[in-house]
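Take a look at the structure below.
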Amino acid sequence: MNLKKKVFSVSLSSLMAISAISVVSSPVSAVGNGPGAGNGSIQTSILHTYESMVDYLKTQDAKQEAMQLEIIGQTVKGRDIYLTKYISNPDNPTILFLTQQHGNEQLTTEGALEFIKHLGTNKTKGVLENVNILVIPMLNADGAMGDVNFSLDNYLADGDRHLTRYNANEIDLNREHDKPIESMQAEVKALYENVFEKYKIDYMIDLHHQGTLSETEGELVSGSILHPTNSEVKAEVLERSKKLGSVVYHSIENTGWGHIGKYNGGSGQDIGRNGAAVRYGISTLLFEMRGMSDHYIESYALGQKSNGYLIRQTITTLDSTVRAIADGSIENADVSFWDTLPTQTNRSGEESDE
C-alpha cells in the first residue's frame, strides 16, 4: 500500500473516532448544500483498487470473529466477487448493502469498507445479535478497475486507472434485473444465484452515485433516495421500503450538512430496486450519493475535496439502518415525509442515470 493510501485510510478511520458514527463538525459552506463543490483534480489513486480491497477484507476477516467472507462468483474478467457476512441467527431480519453495480461509483464502497471495520469494534456491541448483515462492496470490479473491452480515453480522472459505469462487456448491470438468471451478465448472475436465491433477505439498500448538479428547492443535494416504484411490488413490501427510507432520510437530514431529495427514477423491473422487490419481496431503497469518481461528462465527476462528506454519508446510512432493524425501531418509522419530499431536478439539463 502506498503512502497516499495509508493517509487516506487514516483519514477515513478518523471519521469513526467519536462514538458510533457520530457527526464531526462540518464547515458552514456545506450546511444545507450537500458536500462542497469539490473543485480540483478528480483522483483515482487514493481509492481502493480491487486488489487492495481484497487485502482489506481478508485482514478484517482474520480479525473479526463474527465476520465471514464468501466468494459468490466471478466477473467477466475473472475477478472474484466478495460477499461479507454477519449472520448470528438465520431467523434474524437480514439486510443487504450493495455497492458498485456501476464501477465509477466508488465512494459508497469506501464507506462500506469502513463500516465493515466498524462492525468489528465494541461500538456495535449487541447489534449483531439481532440483525444479519450482508455487504457486497464491489460488484462490478472490472468497471472499477477500468479493465474493459472498450476505450476509456475520454474519461476525466487522474491517477492509476479510469473507472467506468459499465462492466467489461459495456453492459449496465443495473438494467439486468428482469432477465432470466441464466441470461444475466456474470456479475448480476452471481448476485442472483448465490445471494438472492441463497439468503432470505428482508431489506436491501442499493448504493449509487449520481451527477453533481441535482437539487431541491434551490439547494444541491448530498444524495437522493427512492423506494421501488414498479406496479407489481406488493403493498407490504413497499411500506417496509418506505420505512427503510425514513430511517435513512432522518439520519442524514439530522446531520446538519446532509440534504436529501427524492430521486426521479424509473419503474422498470430491470432496475435493481424494482427487480429485487418484485421477484423476492425484498424491501429496497435506492440511495444516490452526489458526484462520481470518474466519468467522461464533466458535471458528473466530483473532485476529491468532497470525498470525506460522501464517505461519511454512506457510513451514516449503513449504521442507522442496521441499528433501526436490530432494535425494531424501523417498524415505527414515519413514512409521511415521502408525501412532501421534493423530487430533485437537475441543473443544466443533467440526466438522471440510476
Check your understanding: Taking every DSSP beta bridge that has both residues in the chain, what percent is antiparallel when rounded to the nearest 5?
Key -> 40 percent
Check your understanding: Can you tell me the Rg and Dmax of the range 151-207, counting just the alpha carbons, in angstroms?
Key -> 14.6, 42
Exercise for review: Return the inverse of the average 1/r over all pairs of distinct C-alpha atoms in the range 228-287, which is the Kirkwood hydrodynamic radius, in Å to one decimal.
Suggested key: 12.0 Å
Point to revise | Theoretical gain in end-to-end length, A62 to I297 [0.36 nm per residue, Cα-Cα removed] | key: 80.5 nm
Check your understanding: Setting aside same-chain residues fewer than 8 positions from K242, which lysines have a Cα under 20 Å from its Cα?
Key -> K200, K234, K262
**Study point:** Expected-Rg normalisation [2.2 N^0.38 Å, Cα atoms] applied to the range 69-193
**Key:** 1.15
Review point. Modelled label-to-label distance, I87 and T340, 7 Å Cα→beta-carbon offset: nm?
Key: 4.3 nm
**Study point:** For D206, net neighbour charge (Lys/Arg +1, Asp/Glu -1) across residues whose Cβ lies under 12 Å away
**Key:** -2
Study note, to complete from the structure: Note: the range 248-354, point scatterers on Cα, Debye, no solvent; log10 I/I(0) at q = 0.15, 0.21 Å⁻¹ equals -0.82, -1.48
Practice item. With r as the distance between the Cβ atoms of E232 and S41 and R0 = 45 Å, compute the FRET efficiency 1/(1 + (r/R0)^6) and round to 0.05. Key: 0.50
Study note, to complete from the structure: Projected area averaged over all directions for the convex hull of the alpha carbon atoms of the chain, nm², comes out at 16.0 nm²
Point to revise | Estimated translational D of the range 114-169 in µm²/s (Stokes, Kirkwood radius over Cα pairs; 4 °C; 1.567 mPa s) | key: 92 µm²/s
Check your understanding: Using a simple spin-label model with points 7 Å from Cα along the Cα→Cβ vector, what separation in nm is obtained for E239 and N154?
Key -> 4.9 nm
Study note, to complete from the structure: To the nearest Å², the heavy-atom accessible area per residue of the chain with 1.4 Å probe amounts to 38 Å²
**Study point:** Estimated 222 nm signal from helices in the chain, with DSSP H stretches of n ≥ 4 weighted -39500 (n - 2.57), rounded to 500
**Key:** -9000 deg cm²/dmol
**Study point:** the chain, accessible surface, carbon-and-sulfur percent (1.4 angstrom probe)
**Key:** 47 percent
Point to revise | Base-10 log of normalised Debye intensity for the range 164-296 (one unit scatterer per alpha-carbon) at q = 0.09, 0.16 Å⁻¹ | key: -0.28, -0.86
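The values are calculated or read from the model by the stated rules, or taken from the named source; none is laboratory data. Just so we're clear, the structure is a prediction, and the values are computed from it rather than from any experiment. Ideal geometry is used to build each Cβ from the backbone, glycine not excepted, and the neighbour counts take in all protein chains shown. Surface accessibility is based on the protein's heavy atoms, side chains included, excluding ligands, DNA and RNA. Shrake-Rupley method; radii C 1.70, N 1.55, O 1.52, S 1.80 Å.
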